[in-house]
1. Exactly one of (1) in contact with an Asp or Glu (Cβ under 8 Å, 6 or more places away or on another chain); (2) surrounded by fewer than 18 Cβ atoms within 10 Å (Cβ to Cβ); (3) under 27 Å from VAL165 (Cα atoms) is unmet by SER16. Its number?
2. Among the residues of region 96-155 satisfying the criterion of being open to solvent by 60 Å² or more (accessible area, probe 1.4 Å) and touching a Gly at 6+ places or on another chain (Cβ under 8 Å), which is nearest to SER48 (Cα to Cα)?
3. Can you tell me which residues in region 66-79 are outside any helix (DSSP H, G or I) and open to solvent by less than 40 Å² (accessible area, probe 1.4 Å)?
4. Looking only at residues that are of a type in the set (S, T, N, Q) and assigned to a strand (DSSP E or B) in region 109-157, which one is farthest from TYR82 (Cα to Cα)?
5. Take region 19-62 and flag every residue that is in contact with a Lys or Arg (Cβ under 7 Å, 6 or more places away or on another chain) and surrounded by 14 or more Cβ atoms within 10 Å (Cβ to Cβ).
6. Looking only at region 80-108, count how many residues are assigned to a loop (DSSP other than H, G, I, E, B) and out of contact with any Lys or Arg (no Cβ under 9 Å at 6 or more places or on another chain).
7. Hey, can you tell me all the residues within region 165-200 that are over 19 Å from the mean Cα position of the chain (by Cα), surrounded by 15 or more Cβ atoms within 10 Å (Cβ to Cβ) and at pLDDT 85 or above?
Amino acid sequence: MAELHFFTGTMDSGKSTLALQTNHNHAARGRVGRIFVTQDRAGTAVLSSRLGLTHEALEVDGTFDFWQYVVRTLTQGGRIDYLICDEAQFYTRDQVDQLAKVVDELQIDVFAFGILTDFRTALFEGSQRLVEIADRMNVLQVEALCWCGKRATHNARTEDGVMVVEGEVIVVGDVEADGGPPAEVAYEVLCRQHHRRRLTAARAKAVSLAPEPLPFG
């Protein structure tokens with residue numbers, strides 16, 4: 001029986017690497033799949049891992065219909081045994097429901113990979129729906145680490161070196177700050193304690209290097 005699998009973890013936990021490995025394992029057994037991705041770090045229509053591995057993929061935007069794509073491919077004589085769906089947190093609720101329909105009606109396995117929560121600690125739309133309806137949910141065992149050495153559980157966003165907890169969920173390219181020059185946007189994984197305190201690695205280092213206050217007297 002085909003199943004809808006959801007693999008999740010923070011940034012740096014190896015999701016894209018596992019997606020590539022999953023595709024390799026199934027292809028090596030003679031199965032035919034399709035790889036989908038949206039807003040990958042390497043650009044459009046590419047699935048990439050931080051280890052430097054890449055694979056061509058089909059780009060998913062907000063209007064993409066998985067059900068229509070699969071049905072059209074099959075009716076035209078194509079073969080699809082499984083789908084690899086990376087960055088699934090960015091999928092819409094309807095798109096995740098389409099993936100479930102592909103599994104149930106066409107008996108095609110779907111392997112979805114994505115981050116669970118955004119930099120505000122709120123569930124992504126796609127991830128929330130996958131948690132609700134996936135046959136299997138798997139938390140990746142490769143633990144990303146906070147700068148303090150504890151297990152990282154939260155994704156943090158910084159703009160010009162300052163951690164922020166408000167703003168657009170998806171940032172592509174530069175961010176304009178009050179009409180000024182584009183802000184430098186970066187991401188970092190933190191443990192819950194340091195995310196709550198907004199204590200990034202750079203800020204922790206700056207605090208540790210700050211001079212001690214002079215005593216009175």
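The values are calculated or read from the model by the stated rules, or taken from the named source; none is laboratory data. Everything numeric here is computed off the predicted structure, so don't read it as measured data. No Cβ is skipped: glycine too gets one built from the backbone with ideal geometry, and neighbour counts run over all protein chains shown. The area values use the complete protein model at the heavy-atom level, side chains included, leaving out ligands, DNA and RNA. Shrake-Rupley method; radii C 1.70, N 1.55, O 1.52, S 1.80 Å.
1. So the condition that SER16 fails would be (2).
2. VAL142
3. GLY78
4. If we take residues in region 109-157 being of a type in the set (S, T, N, Q) and assigned to a strand (DSSP E or B), then ASN155 is farthest from TYR82 (Cα to Cα).
5. Matches in region 19-62: SER48, LEU58.
6. 2
7. HIS194, LEU199, THR200, listed by residue number.
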